[in-house]
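Below: the structure, in structure tokens.
The values are calculated or read from the model by the stated rules, or taken from the named source; none is laboratory data. This one's a predicted model, so the numbers in the text were calculated from it and none came from an experiment. Cβ coordinates were reconstructed from backbone atoms using ideal geometry, including for glycine residues, and neighbour counts include every protein chain displayed.
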């Protein structure tokens, strides 16, 4: 039997032992665990890949631009590509699990970037943070989709903003556009969402949104009007400027008002349709419960009178002109201006007084019988604006009230400057009817005849004889003391010569044809009268001296009855 061998001296025998877990292995384990966790979390949070098309990729960057809602990130743009037809861009966005719930056909996407419009400034925060894609989930209950068409402009109203949408019909838009404000008593309570021009002859449809709680002020009798731009009017009180706000001046605007007596009615439902009036005056006129239609005709110029012009009684507005147009009467071959207007008694009378008024036709007939007429007058001499004034015309011709359908026809009367123009025209017509040419020719003939008579030899000879006779008489008076006998012999001869000279002058003047009312005729008549008186005096003197020759010595004695 062999003995066990012993290891040599100095030999150390190795002992194999199992080693424990080294702490260094924790590092890769932890790293692997984190990687697995992140991978699981990424896969768990990863949402669907959606496609959004835009007209331009302005502000959109792959792996950088986020999709947000209320400043919460819901996705990230993975890539941006051009479409095959090169007409738009295709953006692929990886949404997260939270954002997957809003991917319905009601959702809207748009790019938020700095925007400067006439009405507002938005997106300034993106100058620092960069552009991003905003999403509006829309109303609940939509169908799930993964392809969208992005909006080029932000929507006016978010789906979660409380309020009501209404539709306005307008003949013209003016400066209205999406984003234009809606005012109620000078407070911005909503905005214009969109407009649709529709067919060629149809009215434009404008969608407006009114936020809560202001939408409760919109009733079925509410009136909307366009407040775009600056309104300038010239009236009896001077120049009037009306500006709703600076925003309305830049982007246009819409305002509305509800009559105070309609405040207890129920608010109008969503998408209720209203008419958009051009001005606040038109909307105010439409707010009266009673509108009495009238028609009147003018044969003079109606320049300055148009739709919306005032109709006044004693300076108080009681109505508004609704239409002005030209009417041709082919049978009579004349034209007239037809003016239609509505009277609103509620402007000047209370509701009780309006209700107590009798039938408008009877009232109008009584007023017309008393001289009431529609008169066209100037309301502003600077701008030439005109208005219709219902006033009593003194000594007006009899007239009656007619009918045109439901409208009453009121007789008219020219007034204001038209009366002056008509009077001047009548005077000009009368002056034109005077035969100035014939009068001129007659006057020229008369003056020619007078010149021929005055400068003719017969009148000159008659005047010469008359002057000689008067000189002889004067000589007789001066030499009366030289003896009675020569005087008595000369007096009858002088009287006959003087009488013959007067008759000869009268005959010549009668043949001359000079006007009977001329100064020359009147002077000559006075001269001949005086000469006739002189001849009669000479005859009387001759007769007296023949009966009383002693009068030259004793003087004239007192006769019977003389003192």
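Within the stretch 136-150, count every residue that is closer than 16 Å to residue 92 by Cα and either in a loop (DSSP other than H, G, I, E, B) or modelled with pLDDT under 90 (or both).
So the first thing to find is which residues in the stretch 136-150 are closer than 16 Å to residue 92 by Cα, and the list is 145-150.
In the following step, the residues that additionally are either in a loop (DSSP other than H, G, I, E, B) or modelled with pLDDT under 90 (or both) were identified as 145-146, 150.
The number of residues fulfilling the criteria is 3.
Residue 165 passes all but one of (1) at pLDDT below 80; (2) touching a strand residue (DSSP E or B) at 6+ places or on another chain (Cβ under 7 Å); (3) over 25 Å from residue 51 (Cβ atoms); which number fails?
The single condition residue 165 does not satisfy is (1).
Considering every residue within the stretch 173-180, establish whether at least one is at pLDDT 85 or above, outside the structural domain of residue 379 (by TED's automatic domain parsing), outside any strand (DSSP E or B) and surrounded by 16 or more Cβ atoms within 10 Å (Cβ to Cβ). Please lay out each step first, then the result.
Kept after step one, since they are at pLDDT 85 or above, are these residues of the stretch 173-180: none.
Within the stretch 173-180, not a single residue is at pLDDT 85 or above, outside the structural domain of residue 379 (by TED's automatic domain parsing), outside any strand (DSSP E or B) and surrounded by 16 or more Cβ atoms within 10 Å (Cβ to Cβ).
Just checking, which of 409, 393, 375 is more than 20 Å from residue 340 (Cα to Cα), at pLDDT 85 or above and surrounded by 13 or more Cβ atoms within 10 Å (Cβ to Cβ)?
On the way: 409 fails: more than 20 Å from residue 340 (Cα to Cα); 375 fails: more than 20 Å from residue 340 (Cα to Cα).
Sole residue among the options that is more than 20 Å from residue 340 (Cα to Cα), at pLDDT 85 or above and surrounded by 13 or more Cβ atoms within 10 Å (Cβ to Cβ): 393.
Can you confirm whether residue 425 is modelled with pLDDT of 85 or more and over 24 Å from the mean Cα position of the chain (by Cα)? Can you show your working first?
Values: modelled with pLDDT of 85 or more: no; over 24 Å from the mean Cα position of the chain (by Cα): yes.
Criteria not met by residue 425.
Yes/no per residue for (1) in the same structural domain as residue 209 (by TED's automatic domain parsing); (2) buried (at least 16 other Cβ atoms within 10 Å of the Cβ); (3) in a strand (DSSP E or B); (4) at pLDDT 90 or above:
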residue	(1), (2), (3), (4)
264	yes, no, no, no
267	yes, yes, no, no
274	yes, yes, yes, yes
282	yes, yes, no, no
296	no, yes, yes, yes
300	no, yes, no, no
304	no, no, no, no
307	no, no, no, no
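Can we say residue 69 is out of contact with any helix residue (DSSP H, G or I) (no Cβ under 6 Å at 6 or more places or on another chain) and at pLDDT below 90? Full working, then the answer.
Values: out of contact with any helix residue (DSSP H, G or I) (no Cβ under 6 Å at 6 or more places or on another chain): yes; at pLDDT below 90: yes.
Spelling it out, residue 69 is indeed out of contact with any helix residue (DSSP H, G or I) (no Cβ under 6 Å at 6 or more places or on another chain) and at pLDDT below 90.
Out of (1) modelled with pLDDT under 80; (2) within 24 Å of residue 359 (Cα to Cα), the odd one out for residue 417 is which?
Status for residue 417: all satisfied but (2).
Please determine whether any residue of the stretch 242-259 is surrounded by fewer than 16 Cβ atoms within 10 Å (Cβ to Cβ) and modelled with pLDDT of 80 or more.
no
For the list (1) assigned to a strand (DSSP E or B); (2) buried (at least 17 other Cβ atoms within 10 Å of the Cβ), I need the number of the one condition that residue 215 fails.
Result: residue 215 fails condition (1) only.
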